[in-house]
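Novice: Have a look at this one before I ask anything.
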Amino acid sequence: MSERNASSTAFGTLYMRAVHQLLDARPLILDDPVALTLLGEDTVREIKKNHKHHRTPEARALRTHVVLRSRFTEDRLADAVERGVSQYVILGAGFDTFAFRQPVWARKIKIFEVDQPATQSQKLTRLKNTGVNIPPNVKFVDMDFEHEALLEGLVRHGVSLNEASFFSWLGVTIYLREESIDAVLHTVTKFPAKSEIVFTFTQPPGLLSEKENRLHSSLSKIVAGAGEPFVSFFTPEAIENKLRNIGFKRVAILSREEAERRYFSQRPRDLYISNRSAVAYAML
């Protein structure tokens, strides 16, 4: 994907969060009314009209991952703020909406949305056109990673290297080479103790079930056609080893069992947790 083109997959995740609001059983995994606002009434009507398309096992599995990773990240952020973290850096923010539906406890932290200029411009236009206000604690960090290192860009936009910080990096690593992934993780280690990162990674297709391999193959063709091909895959063991070797002290991966217990056990069984993609978190 060129850094100069807006990301189509970023918009796709916004769409899936909106589908979750409209079609999935209550209680929702992620309560995101802003997603509906940003998409607009015409798109909401389209989703309702084509509801059968969004109820296939493949669509449910992908949507489950999207809303689960955001909910888990926001829960980790809440814990981090309690222990004194004062900066929230959203890497590859795309159409993330946390900043525009932030709870009271988040208003005391600084929120930095980091993404390439084309995607940032598209998002800002949509925020303006739909009347969504930008809170005073939110700053947009537009960066062309072909010409500027992440750490330099963060500092240039006011991110303090002296404050414990929380990073989210969702749905991005699969599109990057391993050396680029390592560079981001090393950047996080430049921040003080108690800093944390939550990010997603995708497991090698050969380790998946036949059902999940079909999902992966179908999705791979779609994103490749959009100019955003899948690049990197990791086993959970490889991710854990990588994080510890880079310098993170506490490392864990959200297990299917923990996700079931925390988010799915008290709701109808309409969503499906896939093993294809996983969520890791690591603290300094």
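The values are calculated or read from the model by the stated rules, or taken from the named source; none is laboratory data. Keep in mind it's a predicted model, so treat the numbers as computed, not measured. Note that each Cβ is placed from the backbone with ideal geometry, even for glycine, and that neighbours are counted across all protein chains shown.
Novice: List the helices (runs of 4 or more DSSP H) that sit entirely inside segment 1-81 and contain at least 1 residues that are more than 26 Å from residue 196 (Cα to Cα) and at pLDDT below 95. Steps first, answer last, please.
Specialist: Numbers: elements: 8-23, 33-39, 41-49.
Passing ranges, in order: 8-23.
Novice: A further question on this structure: Condition (residue is outside any helix (DSSP H, G or I), closer than 24 Å to residue 57 by Cα and touching a residue at least 40 places away in the same chain (Cβ under 8 Å)) applied to segment 190-199: is it met by at least one residue?
Specialist: Within segment 190-199, none of the residues are outside any helix (DSSP H, G or I), closer than 24 Å to residue 57 by Cα and touching a residue at least 40 places away in the same chain (Cβ under 8 Å).
Novice: Moving on to the next point. Consider residue 64 carefully, then state whether it is of a type in the set (S, T, N, Q), touching a residue at least 60 places away in the same chain (Cβ under 8 Å) and closer than 25 Å to residue 215 by Cα. Can you show your working first?
Specialist: On the way: of a type in the set (S, T, N, Q): yes; touching a residue at least 60 places away in the same chain (Cβ under 8 Å): yes; closer than 25 Å to residue 215 by Cα: yes.
Criteria met by residue 64.
Novice: Among the listed residues 210, 260, 163, which satisfies the condition of being closer than 26 Å to residue 272 by Cα and modelled with pLDDT of 95 or more?
Specialist: Values: 210 fails: modelled with pLDDT of 95 or more; 163 fails: closer than 26 Å to residue 272 by Cα.
From the options 210, 260, 163, the qualifying one is 260.
Novice: Residue 251 - would you say it is without any contact (Cβ under 8 Å) to a residue 40 or more places away in the chain, touching a Leu at 6+ places or on another chain (Cβ under 9 Å) and not in a helix (DSSP H, G or I)? Can you show your working first?
Specialist: Details: without any contact (Cβ under 8 Å) to a residue 40 or more places away in the chain: yes; touching a Leu at 6+ places or on another chain (Cβ under 9 Å): yes; not in a helix (DSSP H, G or I): yes.
Yes.
Novice: Would you check which residues across segment 264-279 are of a type in the set (Ser, Thr, Tyr) and buried (at least 21 other Cβ atoms within 10 Å of the Cβ) and list them?
Specialist: Filtering segment 264-279 for residues of a type in the set (Ser, Thr, Tyr) gives 265, 272, 274, 277.
274, 277 - these are the residues of segment 264-279 that are of a type in the set (Ser, Thr, Tyr) and buried (at least 21 other Cβ atoms within 10 Å of the Cβ).
Novice: Okay, moving on. Being in contact with a Leu (Cβ under 9 Å, 6 or more places away or on another chain) and under 26 Å from residue 83 (Cα atoms) is the filter; apply it to segment 135-158 and report the residue that is surrounded by the most Cβ atoms within 10 Å (Cβ to Cβ). Steps first, please.
Specialist: The first filter runs over segment 135-158 and keeps only residues in contact with a Leu (Cβ under 9 Å, 6 or more places away or on another chain), leaving 140-141, 143, 150-151, 154-155.
Filter once more, keeping what is under 26 Å from residue 83 (Cα atoms): 140-141, 150-151, 154-155.
Values: 140: 19, 141: 20, 150: 21, 151: 17, 154: 25, 155: 13.
Step by step, filter segment 135-158, then rank; the result is 154.
Novice: Select from segment 173-189 the residues that are of a type outside the set (D, E, K, R) and in a loop (DSSP other than H, G, I, E, B) and write down the one among them that is surrounded by the fewest Cβ atoms within 10 Å (Cβ to Cβ). If you could, list the steps in order and put the result at the bottom.
Specialist: Keep residues of segment 173-189 that are of a type outside the set (D, E, K, R), which gives 173-176, 180-181, 183-189.
Narrowing further to those that are in a loop (DSSP other than H, G, I, E, B): 176, 189.
Values: 176: 18, 189: 14.
Step by step, filter segment 173-189, then rank; the result is 189.
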